[in-house]
Amino acid sequence: MSCSDTVWELFTTKTEGGLTKNTGWMNFENLQWSVYSPNSTSWLHGAYIAVKAGGWGTLEDGVQGRIDPLCRVSQTSQCTAVQPSNPDDGKLVTLTSGTVYEVTWGENDASDASTQPDKALIRSDVGLRISGPGSGADIPAWSFDDDYLVGRCDARTTSSGNVSRGCVNHVFTPTLNLSVSTRGSSATMVAWAQTNLNWHPGKEGQGEPLHYKREYDTDRKIMCGAFVPDSTMNEALIPYNTKDSCDEYAFDASYENPANTGAIKDGAECAQLTAVQNDNTGVLAADWRDVALLGSSTGSEKCVRGHIPLFLNSAAGGDYGRLVTSARLIDNDAYWVAVNP
């Protein structure tokens, strides 16, 4: 969702003898919102316009106005507006002190972002226009655009070769939630990094967000190319039908991974962790929940690399992939990472 709350003040003035003075005023509060869907290039746009009490002078009795979505009057090459829920849309209504006017439209993306895969359109000027024809000599024609809503639509080619289309509020920074109860040591490794590395990667309130990197194959080779699986761990993982794997944080599909910037030449330069079997219930995430530091750490390392059971590693990666899809992240979009019990 994108939403805004704006107060507008409408004045009338008169100039006499070279001096301009106010002859009337009234206040509007305009609350509006767009509700996007990651699976559609159509969305709902609503507005709630409240006229404040206490109009004065020429505007004491109100004013006639017209409410139009900008998708109809100025952004027609980017979006279109369809029939609203309020039949008075586009017609003159009398806005008087203490009254409220509500309207909801359906709107559709009309740009090539919804037809050309891997192209995105960012909007920062979506909203509505409030205008009036004026009334006599005292109230001239007036108009203003309330265009504080934002949004982004895109189309992308999926791994199956299909095209997925949708829209989001791209200004919002989403959060990837990793659960220790289901992701075990893979999630605990992230928590360790966010607590013990002095830059607290991806932790809201302490560090900076991570940023999605679409292409990362080379970085993965740097981080894990010389990784040697732990044979003892592999043997202990046989009952769980999985094996030791190289896990890293910040994620390889993020610009904060130091392999992306050349800040490291090998994953061995990261703080090194290993999953620890803490129980024998037969449930992988519960039994391999904890991590231990291998060697020492100064806290200044640019990354963490861990020996993590492959199933847990892949499951956490799947969570990240679902965030990319549901939040429609494009290259360099920011996101937070939160580790939950």
Q) If we scan the range 113-133, do we find a residue that is open to solvent by less than 20 Å² (accessible area, probe 1.4 Å), among the charged types (D, E, K, R) and closer than 27 Å to residue 26 by Cα? A) no
(Q) Can you say whether residue 107 is at negative phi, touching a helix residue (DSSP H, G or I) at 6+ places or on another chain (Cβ under 8 Å) and part of a strand (DSSP E or B), as far as the supplied structure shows? (A) yes
Q. Restricting attention to the range 108-116, does a residue exist that is at pLDDT below 95 and either farther than 20 Å from residue 75 by Cα or in contact with a Phe, Trp or Tyr (Cβ under 7 Å, 6 or more places away or on another chain) (or both)?
A. no
Q: Give the range 5-30 a look and list any residue that's more than 32 Å from the chain's Cα centre (by Cα) and surrounded by 12 or more Cβ atoms within 10 Å (Cβ to Cβ), or say none.
A: 10, 11, 12, 13, 14, 22, 23, 24, 25, 26, 27
Q.
Condition first: open to solvent by 40 Å² or more (accessible area, probe 1.4 Å), closer than 16 Å to residue 320 by Cβ and not in a strand (DSSP E or B). Now tell me which residues in the range 162-202 satisfy that.
A. 173, 182, 183
Q: State which residue pairs qualify: first residue modelled with pLDDT of 85 or more and open to solvent by less than 70 Å² (accessible area, probe 1.4 Å) and inside the range 85-97, second residue in a loop (DSSP other than H, G, I, E, B) and among the acidic types (Asp, Glu) in any location, beta carbons under 7 Å apart, and separation of 6 or more residues or different chains.
A: 96/61
Q. Looking at the range 99-112, which of its residues are in contact (Cβ under 8 Å) with a residue 40 or more places away in the chain, among the small types (Gly, Ala, Ser) and buried (at least 18 other Cβ atoms within 10 Å of the Cβ)?
A. 111
Q: Please work out which residue is surrounded by the most Cβ atoms within 10 Å (Cβ to Cβ), limiting yourself to the range 204-216 and to residues that are under 24 Å from residue 269 (Cβ atoms) and touching a strand residue (DSSP E or B) at 6+ places or on another chain (Cβ under 7 Å).
A: 210
Q. Counting residues that are open to solvent by 50 Å² or more (accessible area, probe 1.4 Å) and of a type in the set (Ser, Thr, Tyr), which strands (runs of 3 or more DSSP E) fully inside the range 222-341 reach at least 3?
A. none
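The values are calculated or read from the model by the stated rules, or taken from the named source; none is laboratory data. Bear in mind the structure is a predicted one, so any value in this text is a computation, not a measurement. All Cβ positions, even for glycine, are placed from backbone atoms using ideal geometry, and neighbour counts span all protein chains on display. Surface areas here come from the heavy atoms of the whole protein model, side chains and all, with no ligands, DNA or RNA. Shrake-Rupley method; radii C 1.70, N 1.55, O 1.52, S 1.80 Å.
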